[in-house]
Amino acid sequence: SMMREISGINEMEEQLKKILNLQEVVIVAGDSDETPWVKGELGRACAIRMKEHLDGKNIIAVTGGTTMATVADMLTTDFAEKEIVFVPARGGIGEDVKNQANTICAKMAENTGSQHRVLYVPDQVSKEVYESIVKEPMIKEVLSLIKNANMVLHGIGEAYTMAKRRKTKEEDMEKITGGHAVGEAFGYYFNEAGEIVHKVPTIGLQLKDLPNVQNVFAVAGGASKAKAIKAFMNATTKSTVLITDEGAAKEILNL
Ligand code: BG6
């Protein structure tokens, strides 16, 4: 649109694609760190892209976080024309209930008139308990849905913010800070080069599964996430569609 041309957003999208080595970048106006409703615009932009890429039957794997929660708010009943099941991307990795992937999937299903599944895995269990949990038929079903997802929606967090929010234990905290982690996604913590310095062990989607997923949407904005976004894009697949805001975009271009 005219507005986007005047404000230089289209050009910024082209610059970000080059810098981050991505095929598609979408930037919404504003900075969600400073203006809360900008996060809603991230959600809306994600909803529009999702709709364009739906198949007849869809399995959509989703992570937690406040950004994903706003994506859920923006999904509407016109998605119901397609068959969709929402599944959490990974097992519990320490979030408040309202920001958990399970909760967000339920909301997405409710807003679109679709189905969802939950994945309840305790945060800390012994190897024996873990091995018997993953043999449970209900868990196995969800895990196989996750492995066959044709769409993944995920947030990206600033490493230290996420580690604190998850009440990470001291020895893991040392790995995160000692490893100079700047970004986090799916429970993996990355340094600026995109190397994994720590990983929250849980079942479900693993980073190495992403290149096999048809549509991956990373939704993250705010200048405070600039380093995190850049680090994660060094680690992930080129086909990821990044949906971000002007605040993050400007800061990434200044790094
Ligand atoms: C968490 C995800 O729930 O949300 C993380 O597990 C992600 O991988 C984070 O980084 C993002 O949170 P927010 O609130 O900044 O969107």
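The values are calculated or read from the model by the stated rules, or taken from the named source; none is laboratory data. Note that the coordinates shown come from a computational prediction; the quantities given were computed from them, not determined experimentally. All Cβ positions, even for glycine, are placed from backbone atoms using ideal geometry, and neighbour counts span all protein chains on display. Side chains are part of the model used for accessible areas, which takes the heavy atoms of the whole protein and leaves out ligands, DNA and RNA. Shrake-Rupley method; radii C 1.70, N 1.55, O 1.52, S 1.80 Å.
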Handout entry: Per-residue ³J(HN,Hα) for the stretch 99-114, Karplus 6.51 cos²θ - 1.76 cosθ + 1.60, θ = phi - 60°, Hz, x for Gly and Pro
Key = 9, 7, 4, 4, 5, 5, 4, 4, 5, 4, 5, 5, 5, 9, x, 10
Exercise for the section: Could you provide, to the nearest whole Å², the per residue accessible area of the chain with probe 1.4 Å? Expected result: 48 Å²
Handout entry: Descending Cα extents along the principal axes, the stretch 53-205, whole Å
Key = 49, 34, 26
Exercise for the section: Place a +1 charge on the Cβ of each Lys and Arg in the chain and a -1 charge on the Cβ of each Asp and Glu, then give the dipole magnitude about the Cα centre in debye, rounded to the nearest 20. Expected result: 480 debye
Exercise for the section: Express the C-alpha Rg of the stretch 151-255 as a ratio against the empirical globular expectation 2.2 N^0.38 Å, rounded to two decimals. Expected result: 1.02
Exercise for the section: Would you work out which of Ala235, Ala218, Ile6 lies farthest towards the positive end of the dipole of the chain, given +1 charges on the beta-carbon of Lys and Arg and -1 on that of Asp and Glu, about the Cα centre? Expected result: Ala235
Practice task
Order His180, His116, most accessible first, counting only protein heavy atoms with a 1.4 angstrom probe.
Solution key: His180, His116
Handout entry: Rounded to 5, the percent of DSSP beta bridges in the chain classed as antiparallel
Key = 25 percent
Completion exercise
Using the Cα gyration tensor of the stretch 3-67, the equivalent ellipsoid's semi-axes, largest first and to the nearest Å, work out to 23, 17, 12
Exercise for the section: Using only the Cα atoms of the stretch 77-143, each taken as one equal point scatterer with no solvent, compute I(q) by the Debye sum, divide by I(0), and report log10 of the ratio at q = 0.21 Å⁻¹. Expected result: -0.88
Fill in the blank from the handout: Taking the alpha-carbon centre of each part, the distance from the stretch 109-167 to the stretch 210-239 in Å is 19 Å
Completion exercise
The aspartates and glutamates whose Cα lies under 13 Å from the Cα of Lys230, excluding any fewer than 8 residues away in the same chain, are Glu158, Glu184, Glu192, Glu195, Glu251
Handout entry: Prolate/oblate/rounded label for the stretch 60-107 (Cα gyration tensor, a/c 1.5)
Key = oblate
Completion exercise
Checking Ile19, Ile196, Ile146 against a Gaussian network model of the chain (alpha-carbon springs below 10 Å), the top fluctuating residue turns out to be Ile19
Handout entry: Anisotropy class of the stretch 39-84 from Cα gyration tensor, a/c 1.5 cut
Key = prolate
Exercise for the section: Please find, in a Gaussian network model of the chain (springs between Cα atoms separated by less than 10 Å), the residue of Glu192, Glu171, Glu11 whose mean-square fluctuation is greatest. Expected result: Glu171
Problem - For the stretch 209-255, alpha-carbon Rg relative to the globular expectation (2.2 N^0.38 Å, N residues) - result: 1.15
Practice task
Decide, for the chain, between rounded, prolate and oblate: order the square roots of the alpha carbon gyration tensor eigenvalues as a ≥ b ≥ c, take rounded if a/c falls under 1.5, and otherwise choose prolate if a/b is larger than b/c, else oblate.
Solution key: oblate
Fill in the blank from the handout: For the stretch 1-129 (alpha-carbon point model, no solvent) the Debye-based log₁₀ I(q)/I(0) at q = 0.15 Å⁻¹ works out to -0.83
Problem - 3J(HN,Hα) from dihedral phi, the stretch 63-71, Karplus parametrisation 6.51/-1.76/1.60, rounded to Hz, x for glycine, proline - result: 9, x, x, 6, 5, 4, 5, 6, 4
Completion exercise
Ranking Ala185, Thr66, Tyr130 by how far each Cα lies towards the positive end of the charge dipole of the chain (+1 on Lys and Arg Cβ, -1 on Asp and Glu Cβ), the top one is Tyr130
Fill in the blank from the handout: Any aspartates and glutamates whose Cα falls less than 17 Å from that of Lys127, other than same-chain ones fewer than 8 residues away, would be Glu136
Practice task
Please go through the residue pairs Lys140/Lys225; Lys57/Lys208; Lys57/Lys250; Lys39/Lys208; Lys169/Lys238; Lys39/Lys82 and name each one whose alpha carbons sit more than 31 Å apart in this structure.
Solution key: Lys140/Lys225; Lys57/Lys250; Lys169/Lys238
Exercise for the section: Have a look at Met173, Met68, Met50 and tell me which one the Gaussian network model of the chain (Cα, springs below 10 Å) gives the largest fluctuation. Expected result: Met173
